Amino acid sequence: MNTKLQIKSDKIIPFGGFFFVNKFLKQKGIPQLIDKELGIRSTLVGYQYSEIIHALFDTYLCGGDHIEDISYIGQFLRQEPCSRIPSSDTIGRAIKELAVENVPYKSDNQTYNFNINSQLNKLLIKINKRLGLLSANSAVDVDFDHQLIPTEKYDAKMSYKKTKGYFPGVASAGGCIIYVENRDGNINVRFHQADTLKRMLMSLEEEQIAVNQFRADCGSYYKDVVELIAEKCQVFYLRAAHSQEQSIQIGRIENWQQTEINYQRCDIASIAYRPLGMKQDLRLVVQRTEIESGQQLDLFKGKYIYRSIITNDWQHSEQDIIEIYNKRGARERDFDQLNNDFGWKHPPCSFLKQNTVFLILMAICKNIFTAFLKSICKVFASLTPTSRVKRFLFSFVNVPAKWILSGRQWYLKLYTRLPYDKLGFF
C-alpha cells in the first residue's frame with residue numbers, strides 16, 4: 001500500500017481538552033479570587049497572579065514537569081482568544097515576589113528555618129471552599145504528615161536519609177491539600193510541630209471549619225501535640241511510639257480478640273493508658289501479628305509484632321479504630337501525585353522561601369485538578385475522581401482542536417467523537 005504525506009499549516013492545537021478546564025476556572029471565579037487575595041501585580045500590561053498560577057496549571061496538566069515547559073505548551077494555549085500566557089521567567093519572578101522570610105528556631109546552638117507563608121495558605125483554603133472541596137460551618141477529617149523532598153538547592157540541608165532536601169509539613173482533608181509549611185531538611189519531625197499544627201488549625205477556624213478526626217503517625221506522638229489536638233479536635237488517632245512503660249502495660253493484657261484486618265490474621269485489644277505524663281487517661285489500641293520466619297523479633301523478643309494507636313475514641317471497637325487509622329495510608333497517594341504530577345520533586349528556585357511558594361501553588365493546582373475530575377468523570381467513563389494526570393492527559397486533554405472566528409464569535413472546534421458537548425462549559 002502506497003502512502004503520501006501532506007503537511008498543513010492550519011493552527012491545530014493538540015491540547016484542546018484543556019480549554020474546558022479554563023472555562024471551569026472562570027465559572028468558579030478562581031482568577032478573581034486569586035487577584036483579590038494576592039493583590040494586583042501590575043496596573044499596566046503586566047501579568048496578574050491569577051495568570052501566573054493559571055500558566056503553572058497549564059504546564060503540568062499538559063504533561064510538563066518543569067516550569068520551563070511553558071515555552072512549548074504556551075504556543076498552543078495562546079491561540080485561545082484573549083489568552084495571556086507568561087514566560088517561565090515571568091513565572092519565576094512572580095514566585096519570588098510571593099515569598100516571605102524564613103522564621104528561625106534555635107535549639108542546641110543550632111538554627112533551623114521554617115517558612116510560614118500565611119497568605120498563600122489562606123488562599124489555599126479559600127480556593128478549596130470555592131471549588132466545593134471544603135465548606136464553612138462543617139467538620140473535616142485531617143491527616144498530617146511530613147514529606148522529604150530531596151533536592152540540591154543552595155540552602156537545602158542534609159536530611160536523615162543522607163540526602164539534601166526540604167522537609168515540609170502537609171495537612172490534607174479528603175484528598176485535598178489544606179496546609180503546607182516548609183522546613184529545613186535536617187529538622188526532626190517533632191521540632192516545634194505543635195506550633196505548625198496551631199497555625200494549621202487556626203487557618204481552618206478563620207474559615208469556620210472544624211476538625212472531626214485527626215490522624216498522624218508516631219512523629220506526632222509527644223505531649224504538646226497530643227494536648228493540642230485533644231483540645232481542638234473531636235477525636236484523634238496517633239501511632240504510639242513504643243516505650244518501656246507501654247511495653248509493660250501491653251505485656252499485662254490477657255484478653256486478646258482474634259480478627260482479620262487487611263486480609264491478615266491478628267489479635268487486638270485495648271486498655272486505658274495515661275501516656276507522656278498526661279493527667280487524663282486515653283485509650284491504647286494494640287494490634288499484634290504473629291512473626292513470620294525471617295522477620296525481626298518484636299519488642300518482647302517473642303513471636304509477635306506489636307503496633308499501637310493512642311486515641312480519645314472510646315465509642316468504636318478496636319477493629320474500627322485500626323481501620324479508621326489505616327485510612328490515612330491513602331494520603332500517601334497525595335504525596336505521590338504532588339511529587340510526580342505536580343512538580344514537587346523538581347523545585348524551580350534556589351531558596352527555601354521561594355520553593356515554599358511553588359509547593360503551595362502546586363498544591364492549589366492539585367486541588368483544582370481534583371475538583372475538575374469530580375465534575376467530568378460522570379460524562380467521561382474512562383476517568384474517575386482518583387485518576388492521575390497521565391490518564392487525564394490521554395483521555396481528556398489530548399484532543400485536536402482549532403479556534404474559529406465566525407459571525408464575530410469564536411468557536412472551539414474539536415476533532416473527536418467524545419462527549420465534550422455534554423459538559424456544558426461552552
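The values are calculated or read from the model by the stated rules, or taken from the named source; none is laboratory data. Given the structure is predicted, the values throughout are model-derived calculations rather than measurements. Methodologically, a virtual Cβ is constructed for each residue, glycine included, from the backbone with ideal geometry; neighbour enumeration extends over all protein chains shown.
Annotations
- The lone exception for I404 - which of (1) at pLDDT 90 or above; (2) under 31 Å from the mean Cα position of the chain (by Cα); (3) surrounded by fewer than 13 Cβ atoms within 10 Å (Cβ to Cβ) it fails: (2)
- Subset of segment 80-98 [touching a strand residue (DSSP E or B) at 6+ places or on another chain (Cβ under 7 Å) and either assigned to a helix (DSSP H, G or I) or surrounded by 16 or more Cβ atoms within 10 Å (Cβ to Cβ) (or both)]: E80
- Residue list for segment 336-360, restricted to those being farther than 17 Å from A94 by Cα and either free of Cβ contacts under 8 Å to residues at least 60 places away in the same chain or assigned to a helix (DSSP H, G or I) (or both): D336, Q337, L338, N339, N340
- Taking (1) loosely packed, with under 14 Cβ neighbours inside 10 Å; (2) farther than 21 Å from S220 by Cβ; (3) small (G, A, S) in turn, G277 satisfies each apart from (2).
- Residues located in segment 74-126, provided they are among the small types (G, A, S) and at pLDDT 90 or above: S87, S88, G92, A94, A99, S118
- V379 being among the aliphatic types (A, V, I, L, M) and either over 19 Å from P14 (Cβ atoms) or surrounded by fewer than 16 Cβ atoms within 10 Å (Cβ to Cβ) (or both): yes
- If you go through segment 313-365 and pick out every residue that is crowded, with 21+ Cβ neighbours inside 10 Å and of a type in the set (G, A, S), you end up with 2.
- Residue within segment 215-234 that is at pLDDT 95 or above, more than 22 Å from K279 (Cβ to Cβ) and crowded, with 20+ Cβ neighbours inside 10 Å present: yes
- Residue count for segment 113-149, restricted to those that are in contact with a strand residue (DSSP E or B) (Cβ under 8 Å, 6 or more places away or on another chain), surrounded by fewer than 17 Cβ atoms within 10 Å (Cβ to Cβ) and either more than 16 Å from A173 (Cβ to Cβ) or assigned by TED's automatic domain parsing to the domain that holds G39 (or both): 1.
- Verdict on I324 being part of a helix (DSSP H, G or I), closer than 30 Å to E260 by Cβ and not acidic (D, E): yes
- Positions within segment 386-405 being part of a loop (DSSP other than H, G, I, E, B), touching a residue at least 24 places away in the same chain (Cβ under 8 Å) and not aliphatic (A, V, I, L, M), in sequence order: T386, R388, N398, P400
- Residue match in segment 281-295 (condition: modelled with pLDDT of 85 or more, of a type in the set (K, R) and surrounded by 13 or more Cβ atoms within 10 Å (Cβ to Cβ)): yes
- Checking each residue in segment 117-133 for being within 14 Å of the chain's Cα centre (by Cα) and part of a loop (DSSP other than H, G, I, E, B) picks out only L133.
- In segment 16-48, the residues that are assigned to a helix (DSSP H, G or I), within 22 Å of G63 (Cβ to Cβ) and touching a helix residue (DSSP H, G or I) at 6+ places or on another chain (Cβ under 9 Å): F18, F19, F20, V21, N22, F24, L25, I30
- Residue in segment 388-401 that is outside the structural domain of A55 (by TED's automatic domain parsing), among the aliphatic types (A, V, I, L, M) and out of contact with any Cys (no Cβ under 6 Å at 6 or more places or on another chain) present: no
- The set of residues in segment 171-181 that are in contact with an Asp or Glu (Cβ under 8 Å, 6 or more places away or on another chain) and closer than 12 Å to R199 by Cα contains only A171.
- Wholly enclosed strands (runs of 3 or more DSSP E) of segment 148-206 bearing at least 1 residues within 15 Å of V103 (Cα to Cα) and aromatic (F, W, Y): 164-166
- Cβ-Cβ contacts under 7 Å between residues 6 or more apart (or on different chains), taken from a first residue in segment 302-317 that is in contact (Cβ under 8 Å) with a residue 24 or more places away in the chain and under 12 Å from V235 (Cβ atoms) to a second residue that is of a type in the set (V, I, T) and assigned to a strand (DSSP E or B), are listed as I309/V285; T311/V235; T311/V285; N312/V235; D313/V235.
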